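Visitor: Could you have a look at this structure, given as structure tokens, before my questions?
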Ligand SMILES: NC(=O)c1ccc[n+]([C@@H]2O[C@H](COP(=O)([O-])OP(=O)(O)OC[C@H]3O[C@@H](n4cnc5c(N)ncnc54)[C@H](O)[C@@H]3O)[C@@H](O)[C@H]2O)c1
């Protein structure tokens, strides 16, 4: 039923609940392709700040040539409005993207309220980074239309989203959310079932664990390790994932495994357990974290974090433009 209404009504209204870092970004993404967006926050001043920032960022992106979508920045901005009423935000929305802080009790509270306000066609999406959808949605009466839509940060410049169903999420919701995310340019990654960390964070944590072990054991400095990623592997990964990378690094995946499989198995078997430093339970753990923190502060002092984030986001925007241009020229060839 939802799929039909989405396809027949054309662009509809999307409700964003929570207008912080992630909510603001989702609002801009939906507006970029013409959806009307209603932004709600428990803190009304947050909504006004988000609306102001959205308007200036859209103009800035337009100026830099990194604006998403085809509508002019001013038109995109007009599609986003704020509201101080949760009901107004979610009622009649075709899709809701919840972006409140990462706290299970709060998410359950907010979703219980939304559950009583929506009609029976609205899709219910949560931006949660780590909470599995069954924990948030178990008691909702509309739980078959609940799904996690987890973006990468900053979502506007990292155009992907993980779609994680609860056991009771129906197929129509899984399919329609995937279609919607493709339509807004947020490349969907569909998981068949929920699991801790989803896919993005499981990969990120596996990588971080190896990095931690190599630094802790004095094999490499944090700064040199970052060079491996940003000037080595990361250059490739900005264009293609690790699976396509191995396919290209030999004469196909079969040949890659024939050539390197045993080495990969042996080296990986030497990797060691998850570092206990993450938990900071012992003196030694805390000393490891303090040393790592101090080393990173040499690269970016805490007072320069904001500046460095702005630099990163500008770089990501330029990279996104380059990738779009490359995709376009490949299509034109
Ligand atoms: N920041 C990231 O890197 C990142 C990446 C991907 C996903 N996420 C997830 O996105 C969600 C939001 O994260 P964020 O970084 O935008 O947080 P944030 O703190 O920047 O924003 C949260 C907003 O929610 C509002 N809020 C709090 N209680 C509310 C309520 N009851 N109703 C409506 N609004 C309420 C706050 O006022 C605030 O404006 C979290 O679940 C987080 O895990 C974050």
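The values are calculated or read from the model by the stated rules, or taken from the named source; none is laboratory data. Values in this document were obtained by computation on a predicted structure and should not be read as measured data. Cβ atoms come from the backbone with ideal geometry, glycine included; neighbour counts cover every protein chain shown.
Visitor: Mind checking which helices (runs of 4 or more DSSP H) fall wholly inside the range 92-191 and carry at least 3 residues that are away from the ligand (no atom under 15 Å from the Cβ) and either under 24 Å from residue 33 (Cβ atoms) or without any contact (Cβ under 8 Å) to a residue 12 or more places away in the chain (or both)?
Guide: Of the helices (runs of 4 or more DSSP H) lying wholly inside the range 92-191, those with at least 3 residues that are away from the ligand (no atom under 15 Å from the Cβ) and either under 24 Å from residue 33 (Cβ atoms) or without any contact (Cβ under 8 Å) to a residue 12 or more places away in the chain (or both) span 171-183.
Visitor: Residue under question is residue 171, and the condition is that it be closer than 30 Å to residue 91 by Cβ and in contact with a helix residue (DSSP H, G or I) (Cβ under 7 Å, 6 or more places away or on another chain); does it hold?
Guide: no
Visitor: Looking at residue 294, is it exposed (fewer than 13 other Cβ atoms within 10 Å of the Cβ), in the same structural domain as residue 204 (by TED's automatic domain parsing) and either over 29 Å from the mean Cα position of the chain (by Cα) or under 30 Å from residue 324 (Cβ atoms) (or both)?
Guide: Criteria not met by residue 294.
Visitor: Checking residue 203 against (1) surrounded by fewer than 21 Cβ atoms within 10 Å (Cβ to Cβ); (2) touching a residue at least 40 places away in the same chain (Cβ under 8 Å); (3) on the phi < 0 side of the Ramachandran plot, which single condition isn't satisfied?
Guide: (2)
Residue-by-condition table, conditions (1) out of contact with any helix residue (DSSP H, G or I) (no Cβ under 6 Å at 6 or more places or on another chain); (2) modelled with pLDDT under 95; (3) closer than 19 Å to residue 210 by Cα:
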site	(1), (2), (3)
248	yes, no, no
265	yes, no, yes
276	no, no, yes
280	no, no, yes
284	yes, no, yes
295	no, no, yes
320	yes, yes, no
331	yes, yes, no
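Visitor: Could you list all residues from the range 127-159 that are touching a strand residue (DSSP E or B) at 6+ places or on another chain (Cβ under 7 Å), over 16 Å from residue 199 (Cβ atoms) and surrounded by 20 or more Cβ atoms within 10 Å (Cβ to Cβ)?
Guide: Across the range 127-159, the qualifying residues are 136, 137, 140, 145, 146.
Visitor: I need the full set of residues from the range 33-60 which are more than 10 Å from the ligand (Cβ to nearest atom), surrounded by fewer than 22 Cβ atoms within 10 Å (Cβ to Cβ) and outside any loop (DSSP other than H, G, I, E, B), in order please.
Guide: 36, 48, 51, 52, 53, 55, 56, 57, 59, 60, listed by residue number.
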